[in-house]
Structure formats: C-alpha cells, structure tokens
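To start, the structure under review is shown below, and the notes come after it.
The values are calculated or read from the model by the stated rules, or taken from the named source; none is laboratory data. This is a predicted model, so every value here is computed, not measured. Note that each Cβ is placed from the backbone with ideal geometry, even for glycine, and that neighbours are counted across all protein chains shown.
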Amino acid sequence: MSDSSFPGWHGTTIIGVRKGGRVVIAGDGQVSLGNTVIKGSARKVRRISPGGHEVICGFAGSTADAFTLLERLEAKLEASPGQLLRASVELAKDWRTDKYLKNLEAMLIVTDGADLFIITGAGDVLEPENDIAAVGSGGNFALAAARAMMDTDRNAEEIARRALEIAAEICVFTNGNMIVESLNG
C-alpha cells in the first residue's frame, strides 16, 4: 500500500524484555490518525491461552489487522500446542503468501515465557539479540533505553516500563498509558 493511500495511523510502542527467567511485554495506549490522538487507552498487549498454553502478544499497526493476525496465531497455536516457534513461522508464511493477509499492516511481538519473537508481514520471525524486542513508532527509542538498562539490577518489568516511559517522552505517537503482561520462562 502506498504512503498516499494509507490513512496515516501512527503510534504505539511495544517492547518485550527477557531477563532473570521472566519475559515482559509492555505497550502504550495511544492511537493516532495523522497528528490527532484518537484514543489514549487502547489495549495493544494481550494474553491468549490456546490449548492451555499462555502466550502474550503485543502489536503495532492497524488494530483490525493485528486482531486478524492474533486470531490466526491463536489457531496456529491450537494446531501446534506449546510450539510458539512453529506457530509463528506458519503465521509468517501465511501472512507473506496469502492474497488477503499480505496486505495487513501490523507487527507482532510474541512470547510464551521461554521464546521471544517479532513477527512481520515480510515473512520474518525474528528472535531479537540482547533479549529485547521493540516495534512501533517509538520502538527504537524503547530498544535503546532498554539496552542501556540490561546490565543494571533492574528486573525485566522495571526495564520495560522505564524504556516505554522514555519512548513516550520522545515519540509524539506514544503515550504513558501502559499495559504490561509477563510470564515466567
């Protein structure tokens, strides 16, 4: 989709941090259309439990597109219980090759407490280096802030929260209304 036809949805910073046997995904609540804040309290981090296995998902991009992808991921996890990597790869393959799905505009960060992945519409399932994953308009700010804190005595949740706060101070499409979910590894 060309930039001129895309309606200009911006916003969101989603960060995943793995440290000390815990994985945390945190996201802000801002949804913007152009330069206007449409909503400040959106829930972009969600917990799903397909087949009794808990998974946390955070998304950036179009909300309807992200919900479509989350439903597909949940179906993949029901078909392969407890196999987040396999389900993520199957979703990424479908996303890249399916006529309908390939037009979806979103990115996902997912974790089952052990694995942490970024899933993209380009067919990528990325396991981030340094145990930090970040997407969205403020993703690079949050990533840099979290990397700077990884060698401190802060735990995964403290790092994710502070990194998101820093991103919200810099990125006009990110706010401080946080949703934070965590799982033990």
Being at positive phi, surrounded by fewer than 23 Cβ atoms within 10 Å (Cβ to Cβ), at pLDDT below 90 and not charged (D, E, K, R) narrows it down to one of G52, G11, so name that one.
G52
Exactly one condition in (1) among the hydrophobic types (A, V, I, L, M, F, W, C); (2) touching a residue at least 40 places away in the same chain (Cβ under 8 Å); (3) closer than 24 Å to N35 by Cβ; (4) touching a helix residue (DSSP H, G or I) at 6+ places or on another chain (Cβ under 7 Å) is false for I166; which is it?
(2)
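Working only within the stretch 94-105, note down all residues that are surrounded by 13 or more Cβ atoms within 10 Å (Cβ to Cβ) and either assigned to a helix (DSSP H, G or I) or modelled with pLDDT of 90 or more (or both). Quick ask: steps written out before the conclusion?
Here is the first cut: in the stretch 94-105, the residues surrounded by 13 or more Cβ atoms within 10 Å (Cβ to Cβ) are 94-96, 101-102, 104-105.
Result: D94, W95, R96, L101, K102.
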Any idea which of (1) surrounded by fewer than 17 Cβ atoms within 10 Å (Cβ to Cβ); (2) aliphatic (A, V, I, L, M); (3) touching a residue at least 12 places away in the same chain (Cβ under 8 Å) is the one A79 doesn't satisfy?
(3)
Give me a count of the residues in the stretch 41-54 that are free of Cβ contacts under 8 Å to residues at least 60 places away in the same chain and either charged (D, E, K, R) or in a strand (DSSP E or B) (or both).
1
Determine if the stretch 112-129 includes at least one residue that is exposed (fewer than 15 other Cβ atoms within 10 Å of the Cβ), free of Cβ contacts under 8 Å to residues at least 60 places away in the same chain and among the aromatic types (F, W, Y).
no
Within the stretch 20-40, is even one residue modelled with pLDDT under 90, crowded, with 18+ Cβ neighbours inside 10 Å, closer than 30 Å to N155 by Cβ and of a type in the set (A, V, I, L, M)?
yes
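May I ask you to verify whether V135 is out of contact with any Phe, Trp or Tyr (no Cβ under 6 Å at 6 or more places or on another chain), part of a strand (DSSP E or B) and either exposed (fewer than 15 other Cβ atoms within 10 Å of the Cβ) or at pLDDT 95 or above (or both)?
Numbers: out of contact with any Phe, Trp or Tyr (no Cβ under 6 Å at 6 or more places or on another chain): yes; part of a strand (DSSP E or B): yes; either exposed (fewer than 15 other Cβ atoms within 10 Å of the Cβ) or at pLDDT 95 or above (or both): yes.
So V135 passes the test.
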